[in-house]
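Encoded as structure tokens, the structure appears first; notes follow it.
Here, each number is a calculation from the coordinates, and none is a lab measurement. Keep in mind that this is a model prediction, so the values were computed, not measured. Using ideal geometry, Cβ is built from the backbone for each residue, glycine included, and neighbour counts are taken over all protein chains shown.
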């Protein structure tokens, strides 16, 4: 006769196996995520470093330009009409590093720095090269060390170089990070605060009991959204004022457009959250479904690092993600002085996503 403890353990495993969705989200989904990220970041030991070379017509025949004379010409990753230079260098023991040298003005360099596309700027001077980067960024320091070592090994003249730390607002890593954290907080708060909350109430039969009361269903949903919107707004304001006080961040663009983008993003994620919570009553399945939506966007949407690190072929798909549109929009207002003309398109797209998912979620929503 089996012991009670062994029988209870067997019952737990049988309960687990009766839920095929749980098996998928617990076992197979992490494997799919690992496979996708592995394919994105493990391209046969190849890496890409994008650098801006600031134009300086006073020195047309420098050693640096001679070094780039044999580079392959490619399209600029941000503007197909502009051209860039790609120089492939093999570093022994580390595989192949592709250097994309974008030639432009300081104004263009600042835009690329603020968007996280590049972290290293090279300027030609009479006394040698000047390297401009954020010394607090480990990725920028790594790019500088790798590229400067390549130049020093090619020509003696290129060994003469100076480092000019970037300390301007908007070019620091913290300036890139804070808008991304605000966007991610908006997503996490709505997805877990609304979607998981509704599924948990359904699993505990609370929605069934609420429906049996004189409660208006619409009022119940509105109360969920209003309370969550207030919390999301407070979270964003606290994070912004923290960054303003400790790091001197300011909002350079149109505040009304920023508010509209924030509301559109909140509406989009509310609709997605409602749609995800519309049917299931299993909290284990809820964890998997929510993570299936949240985790890819957290990793792909450029919250902690630029999504331009991914292959160029997938960047348009990443830019179509709701979290990417919100993060890019907030950064453009904070750092680039963007307003309604720049944010009109993402606001319309996010509002459309919210409307479609909200209506779909209401139609299939199950109260019990």
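Overview of results
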{"read-out": "Fully extended contour minus Cα-Cα distance, from residue 227 to residue 340, at 0.36 nm per residue", "value": "37.9 nm"}
{"read-out": "Estimated FRET transfer efficiency when R0 is 41 angstrom, pair residue 174-residue 355 (beta carbons, to 0.05)", "value": "0.70"}
{"read-out": "Segment residue 7-residue 234, extension gain: residue separation times 0.36 nm, minus the distance between their alpha carbons", "value": "76.8 nm"}
{"read-out": "Computed over region 251-368, the ratio Rg/Rh where both radii use C-alpha atoms and Rh is Kirkwood", "value": "1.02"}
{"read-out": "Region 173-364, relative contact order [Cα under 8 Å, separation at least 6], %", "value": "39 percent"}
{"read-out": "Using distinct alpha-carbon pairs, which all enter the 1/r mean, Kirkwood radius of region 173-364 in Å", "value": "17.4 Å"}
{"read-out": "Net lengthening on full extension, residue 317/residue 145 (0.36 nm per residue, minus Cα-Cα)", "value": "58.7 nm"}
{"read-out": "Label-point separation, residue 279 to residue 105 (7 Å along Cα→Cβ), nm", "value": "5.5 nm"}
{"read-out": "Sites residue 217 and residue 256, calculated FRET efficiency, Cβ-Cβ separation with R0 41 Å, nearest 0.05", "value": "0.80"}
{"read-out": "Listed peptides 281-290, 189-198, 314-323 by packing density, highest first (mean Cβ within 10 Å)", "value": "189-198, 281-290, 314-323"}
{"read-out": "Residues residue 242 and residue 138, FRET efficiency given R0 of 22 Å [Cβ-Cβ distance, rounded to 0.05]", "value": "0.45"}
